[in-house]
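See below for the structure under consideration.
Bear in mind these aren't lab numbers, they're just calculated from the coordinates by the rules spelled out. Please read these numbers as outputs of a predicted model, since none were measured by experiment. Methodologically, a virtual Cβ is constructed for each residue, glycine included, from the backbone with ideal geometry; neighbour enumeration extends over all protein chains shown.
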Amino acid sequence: GNSVTQMQGQVTLSEEEFLFINCTYSTTGYPTLFWYVQYPGEGPQLLLKVTTANNKGSSRGFEATYDKGTTSFHLQKASVQESDSAVYYCVLARNNNNAPRFGAGTKLTVKP
Amino acid sequence: DTTVKQNPRYKLARVGKPVNLICSQTMNHDTMYWYQKKPNQAPKLLLFYYDKILNREADTFEKFQSSRPNNSFCSLYIGSAGLEYSAMYLCASSRGTLSNERLFFGHGTKLSVL
């Protein structure tokens with residue numbers, strides 16, 4: 001079946017530190033991969049999306065590379081800010097009429 | 001307007017009683033989804049409508065019903081709430097029929113069953 005694994009439930013950093021959030025997926029073919037971010041009190045919103053294997057997506061300083069070889073889509077940011085504190089979801093979509101599937105989410109806390 | 005609205009924000013229900021959650025969007029999106037989110041778990045897809053066609057997940061098929069009387073509106077119905085239904089319910093919509101379209105989410109409805 002289609003699944004997404006985020007092993008890190010929580011990540012705590014200080015401002016200006018480097019962020020790395022792990023995401024691996026399992027499916028057949030070439031899915032579309034997303035990162036969504038959910039701020040407190042709000043619904044998830046799209047952070048970035050990559051449709052083509054081996055391409056990189058970026059938004060607001062965040063980057064993720066679609067690695068077909070390792071079936072990974074890790075999220076990175078060179079220097080986090082307190083305002084980046086949120087829950088980050090890795091999401092897989094099969095480019096058909098099935099619904100997107102979410103990872104468990106990683107809660108990022110950035111201390112000032 | 002790119003918002004998805006969910007009502008109510010918080011819902012208290014009694015065990016054995018029905019629950020109806022409401023979602024609306026004005027983006028003329030073809031597809032509307034309902035996800036259930038429990039603490040420390042991934043948002044779990046319950047069902048989705050493409051236009052008027054309802055697709056329900058096999059493992060929650062009998063637990064949740066839904067209706068979509070028009071393009072803008074979609075409800076989630078629980079016939080008899082149990083304690084295990086306590087969760088955040090997230091509604092989302094997307095343009096088109098393919099799952100690789102961007103999802104737009106509402107704020108969610110937090111359901112507490114007592």
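The alpha carbons of the range B:70-114 stretch over 38, 19, 16 Å along the principal axes, in descending order. Here B:Lys44 is the anchor, and the aspartates and glutamates within straight C-alpha reach of less than 15 Å, apart from those fewer than 8 places off in the same chain, are B:Glu57, B:Asp59, B:Glu84. Rounded to 0.05, the FRET efficiency of the A:Ala78 and B:Glu84 pair, given R0 = 41 Å and the Cβ-Cβ distance, is 0.45.
Panel order for A:Leu47, B:Leu114, by other beta carbons found within 10 Å of each beta carbon, from fewest to most: B:Leu114, A:Leu47. A Stokes-Einstein calculation at 37 °C with viscosity 0.692 mPa s, built on the Kirkwood radius of the protein assembly as shown over Cα pairs, returns a diffusion coefficient of 182 µm²/s. Computed extension length for B:Arg95-B:Ser112: 3.0 nm, one decimal, from 0.36 nm per residue of separation with the Cα-Cα distance subtracted.
Which of the trypsin sites (Lys or Arg not before Pro) across the range B:1-91 are loop residues per DSSP, with 10 or fewer other Cβ within 10 Å? Here the sparse-neighbourhood loop sites are B:Arg14, B:Lys52. What Kirkwood Rh does the range B:14-89 have if only Cα atoms enter the pairwise 1/r average? Answer in Å. That comes to 13.0 Å for the range B:14-89.
Proximity of backbone amide H atoms, modeled 1.01 Å from N, is registered between B:Thr26 and B:Thr3 at under 5 Å, excluding neighbours fewer than 5 places apart on the same chain. Chain A has equivalent-ellipsoid semi-axes of 24, 14, 12 Å, by the square roots of 5 times the alpha carbon gyration tensor eigenvalues, sorted largest first. Sequentially through the range B:25-36, phi angles give Karplus couplings (6.51, -1.76, 1.60; θ = phi - 60°) of 8, 10, 9, 6, 6, 6, 10, 10, 10, 10, 10, 10 Hz, Gly and Pro residues having no value and appearing as x.
3J(HN,Hα) couplings calculated from phi for the range A:54-59 with the Karplus curve 6.51 cos²θ - 1.76 cosθ + 1.60 (θ = phi - 60°) are, in sequence order, 6, 8, 10, x, 8, 6 Hz; Gly and Pro show x.
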